[in-house]
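Everything below concerns the one structure shown next.
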Amino acid sequence: MQKVTHEFDLYGKHYELEAGELAKQATGACLVKCGESTVLLTTVVSKERKDYDFFPLTVDFIEKMYAVGRIPGGYLKREARPSEKATLTARLIDRPLRPSFPDGFRNEVQVVATPLVADQVNSVDTICVMAASVALTVGGVPFEGPLACVRIGRDINTGEFMVNPTYEERDNSDLDLELAGSATFISMLEAGAHEISEEDMLAAMAFGQEAIAAFCEEQRTFFAKWEEANGPIVQREYILDEPIPEVHERIFAHFDQMSAALKDADKASRVSKVEELKEAIRAEFSEDEQEMWARPITTQLKALEKHAMRLMVVQTGERVDGRAADEVRPLMVKPNYLPRVHGSGLFQRGQTQVLSICTLGMLNEWQRLDTIEPVDGKRYIHHYNFPPFCTGETGRMGAPKRRELGHGALAERALLPVIPSEDEFPYAIRVVSEVMESNGSSSMASTCGSTLALMDAGVPLVRPVSGVAMGLIQEEGETVVLTDIQGVEDFLGDMDFKVCGTTKGITAMQMDNKATGLTPEILRQALMQAHEGRMFILDTMLEAIPNPREDTKDSAPKIISLTIPQDKIRDVIGSGGKVIRGIQDDTGATIDIQEDGTVFIAGVADAATDAADRIKGIVKVPEPGEEYMGRIVGIQPFGAFVELLPGKDGLLHISRMAKGRIDKVEDVLSVGDEVHVRVLEVDEKGKVSLDRIDKPEAPASLKKEHEARPARRTRRPGDNGGERRPRRRHEGK
């Protein structure tokens with residue numbers, strides 16, 4: 001096997017494909033580069049066929065911190081469980097690959113993407129699909145390739161589309177669209193956008209399809225070079241699970257019965273009827289036949305259900321629950337569903353029910369991300385939980401699965417464009433969507449429920465967001481686009497197309513497509529039908545809660561932000577943190593001080609306000625003319641020290657304490673007394689001179705004593721006032 005390299009430039013970026021040097025014992029391997037970002041993609045196909053009724057494909061994206069020149073944190077100093085970004089990247093690779101394999105492929109396939117270099121300029125995720133396509137092809141694995149994935153951005157200044165933009169270019173883009181597929185059709189789509197129109201999104205998708213075709217053509221050039229160096233690429237022979245004609249005929253003879261069993265709006269009842277029918281059909285086979293044809297029987301029973309559901313839709317226009325193709329299921333919307341939490345909302349559509357809960361926190365509670373991408377973290381976090389009870393099943397509870405991470409990321413992406421800035425709303429925000437009941441489109445219900453929870457929490461969203469899932473049935477030459485698909489239409493249909501947005505435009509999309517005949521006209525119809533569906537849902541939501549609360553709830557922390565001089569940060573913190581700890585202990589507030597002097601203070605009820613006043617007092621510099629009600633903290637023969645602010649004292653001279661002359665400060669003031677004073681002067685060293693307002697009369701006894709004393713005679717030089725001058729010791733000697 002000889003090493004083959006192909007370098008090319010597309011849309012302003014330099015790429016390189018290489019195979020034949022690394023990981024030669026894998027079924028196929030490819031090294032792909034974009035700029036200096038480098039990923040090794042390996043594929044291995046098991047030699048034996050697995051006894052499964054599904055395609056056993058596994059895709060892993062293994063982040064390596066050496067790719068960015070960092071040593072992993074933690075005690076072990078090695079990579080552990082994949083980050084959320086790594087899991088989402090694995091899903092990005094999986095979704096276009098899975099439908100490209102032939103039906104009945106049962107050999108286990110493992111795809112592993114290992115990023116070797118992440119140059120912090122070019123992303124490593126989208127190029128993995130192209131590398132997987134090359135690795136499968138040179139490995140002789142049968143699939144519908146070549147495949148590629150591109151990221152499409154749009155420059156906010158020029159409006160021009162960009163292919164695989166750099167991280168810097170993505171910061172200047174109002175669109176982040178990831179498309180994957182072949183030269184002729186799109187099989188996977190992910191998008192985040194700043195409220196762009198359906199027409200603009202269609203234009204971006206058309207441009208992305210052209211870019212995918214260009215990358216597929218470059219792969220064909222690579223394959224030609226490969227065959228020149230290593231001989232023709234020969235597809236390996238794999239035994240496929242194919243229908244047994246006798247099994248197919250005997251099962252499909254029950255088509256009318258399956259069609260009748262499917263016509264039930266209640267999911268549990270429908271599933272029960274379908275399963276009863278399947279068991280009855282299975283019982284028609286003898287025990288020997290069931291043992292011999294166990295997998296074909298199971299496969300054909302699924303095929304019967306699928307065909308009956310699809311034919312019902314295209315022939316009669318009727319869905320299993322009796323709805324029309326563009327009809328949304330009944331809605332129930334309840335904001336402020338839970339007491340005490342910062343915000344909550346219950347959203348139900350048909351038999352899909354999601355309870356979303358919003359929690360507000362300090363900005364220093366943002367999520368820090370430790371990945372190979374140049375992203376430090378995020379302040380808006382969305383988590384999605386799909387417990388087994390929501391589908392009436394038992395199962396493992398624990399860490400979220402890939403599907404949960406993907407659905408949570410979609411809902412987060414949908415709402416991120418409308419989350420207010422830190423300056424406008426200085427909170428870290430976490431929303432958790434608990435799926436209570438599921439019959440399709442729980443991610444879109446999570447998006448709607450999260451909007452309710454955020455508005456209930458008083459988060460001033462730019463605009464509310466709603467979402468709907470669209471489906472597609474292509475059967476016997478007919479095509480029907482479905483609005484608000486339920487579980488059976490997702491599982492047995494050709495497309496799962498989720499669209500989220502506001503009244504102004506689209507904020508997020510996700511699509512998995514099994515149909516190769518997805519034309520621009522069908523996409524347009526799906527987007528326009530989705531617009532009508534999500535506007536209907538949004539109107540219902542706004543009837544329940546027209547606007548975000550004007551203020552956060554009493555149970556939520558009040559966050560106050562203020563700015564102090566940088567040279568005063570030390571005063572607020574105090575020696576060893578003594579001052580700031582004291583403020584937090586006394587008020588119950590939480591304080592976060594930034595290096596630039598920005599201070600964030602969070603507390604329930606009046607805690608934040610009290611802490612803010614304490615801090616303002618520490619950094620406040622008294623100015624002439626200002627009045628204070630101060631406390632006497634120290635007495636000296638020449639005057640008293642008055643505490644004006646925490647840590648700020650001024651001197652009230654003895655001559656300014658009363659009307660008339662006094663001999664001792666203690667005659668009119670004591671330590672602990674409160675006194676109303678005015679600032680007279682602040683010198684260059686910051687020393688403050690005070691004058692007492694509303695001076696009292698000097699004590700009468702002091703006045704009489706002063707009046708009884710004889711007036712002093714003015715002394716002249718050499719005059720000793722008539723007294724004998726003391727003799728010096730040396731006088732007279």
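I'm trying to understand the selection: among the residues of the range 1-51, which are more than 27 Å from Thr166 (Cα to Cα) and acidic (Asp, Glu)? Within the range 1-51, Glu21, Glu48, Asp51 meet the criteria.
Checking every residue in the range 653-668 against the condition of being in contact with a Leu (Cβ under 8 Å, 6 or more places away or on another chain), under 28 Å from Val572 (Cα atoms) and modelled with pLDDT of 90 or more gives zero matches. Between Tyr11, Tyr66, Tyr15, the distinction of being assigned by TED's automatic domain parsing to the domain that holds Glu108, more than 28 Å from Gln235 (Cα to Cα) and touching a strand residue (DSSP E or B) at 6+ places or on another chain (Cβ under 7 Å) belongs to Tyr11 only. Every condition in (1) under 19 Å from Val112 (Cα atoms); (2) surrounded by fewer than 16 Cβ atoms within 10 Å (Cβ to Cβ) is met by Glu36 except one, and the failing one is (1). Across the range 640-671, what is the total count of residues that are surrounded by fewer than 21 Cβ atoms within 10 Å (Cβ to Cβ), free of Cβ contacts under 8 Å to residues at least 40 places away in the same chain and assigned to a strand (DSSP E or B)? The number of residues fulfilling the criteria is 7. The set of residues from the range 578-635 being more than 12 Å from Ile560 (Cα to Cα), without any contact (Cβ under 8 Å) to a residue 40 or more places away in the chain, in a loop (DSSP other than H, G, I, E, B) and of a type in the set (Asp, Glu) comprises Glu595, Asp596.
Screening Thr502 with (1) in contact with a helix residue (DSSP H, G or I) (Cβ under 7 Å, 6 or more places away or on another chain); (2) farther than 30 Å from Arg154 by Cβ; (3) hydroxyl-bearing (Ser, Thr, Tyr) gives one miss only, at (2).
Of the residues making up the range 330-364, just one is free of Cβ contacts under 8 Å to residues at least 24 places away in the same chain and in a strand (DSSP E or B), namely Met332.
The criterion of being closer than 26 Å to Leu17 by Cα, modelled with pLDDT of 90 or more, surrounded by 17 or more Cβ atoms within 10 Å (Cβ to Cβ) and not β-branched (Val, Ile, Thr) does not hold for Phe285. Here Val129 does not fit the description of being at negative phi, touching a residue at least 12 places away in the same chain (Cβ under 8 Å), within 21 Å of the chain's Cα centre (by Cα) and surrounded by 24 or more Cβ atoms within 10 Å (Cβ to Cβ).
In the range 453-499, what residues are part of a loop (DSSP other than H, G, I, E, B), in contact with a helix residue (DSSP H, G or I) (Cβ under 7 Å, 6 or more places away or on another chain) and of a type in the set (A, V, I, L, M)? Leu461, Val462, Val465 - these are the residues of the range 453-499 that are part of a loop (DSSP other than H, G, I, E, B), in contact with a helix residue (DSSP H, G or I) (Cβ under 7 Å, 6 or more places away or on another chain) and of a type in the set (A, V, I, L, M). So for the range 553-560 (the condition being surrounded by 14 or more Cβ atoms within 10 Å (Cβ to Cβ), in contact with a helix residue (DSSP H, G or I) (Cβ under 6 Å, 6 or more places away or on another chain) and assigned to a loop (DSSP other than H, G, I, E, B)), does at least one residue qualify? No, every residue in the range 553-560 fails to be surrounded by 14 or more Cβ atoms within 10 Å (Cβ to Cβ), in contact with a helix residue (DSSP H, G or I) (Cβ under 6 Å, 6 or more places away or on another chain) and assigned to a loop (DSSP other than H, G, I, E, B). Selection of the range 105-117 for residues being at pLDDT below 95 and out of contact with any Lys or Arg (no Cβ under 6 Å at 6 or more places or on another chain) yields only Phe105.
Considering Leu76, Leu92, Leu57, the condition of being loosely packed, with under 13 Cβ neighbours inside 10 Å and of a type in the set (A, V, I, L, M, F, W, C) is satisfied by Leu76 alone. When each of Gly617, Gly630, Gly634, Gly603 is tested for being under 36 Å from the mean Cα position of the chain (by Cα) and small (Gly, Ala, Ser), the lone residue that passes is Gly603. Checking each residue in the range 41-82 for being under 18 Å from Arg95 (Cβ atoms) and either part of a loop (DSSP other than H, G, I, E, B) or β-branched (Val, Ile, Thr) (or both) picks out Thr43, Phe54, Phe55, Pro56, Thr58, Val59, Pro82.
With the structure loaded, tell me whether Lys306 is surrounded by fewer than 20 Cβ atoms within 10 Å (Cβ to Cβ), among the basic types (Lys, Arg) and touching a residue at least 40 places away in the same chain (Cβ under 8 Å) or whether it fails that test. So Lys306 fits the description; yes. Inclusion of Val150 among residues that are closer than 30 Å to Phe55 by Cβ, at pLDDT below 95, crowded, with 16+ Cβ neighbours inside 10 Å and among the hydrophobic types (A, V, I, L, M, F, W, C) is not warranted.
Listed here are the residues, each with its yes/no results for (1) on the phi < 0 side of the Ramachandran plot; (2) polar (S, T, N, Q); (3) outside the structural domain of Thr479 (by TED's automatic domain parsing).
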site	(1), (2), (3)
Pro296	yes, no, yes
Lys302	yes, no, yes
Gly322	no, no, yes
Asn336	no, yes, no
His342	yes, no, no
Thr352	yes, yes, no
Gly361	yes, no, no
Gln367	yes, yes, no
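Only one entry in Tyr11, Tyr15 is among the hydroxyl-bearing types (Ser, Thr, Tyr) and at positive phi, namely Tyr11. Consider Leu360 carefully, then state whether it is within 24 Å of the chain's Cα centre (by Cα), surrounded by fewer than 20 Cβ atoms within 10 Å (Cβ to Cβ) and aliphatic (A, V, I, L, M). Answer is no for this residue.
The values are calculated or read from the model by the stated rules, or taken from the named source; none is laboratory data. These figures come from a predicted structure and were not determined experimentally. When we count neighbours, we look across all protein chains shown, and the Cβ atoms used for this are built from the backbone with ideal geometry, even at glycine.
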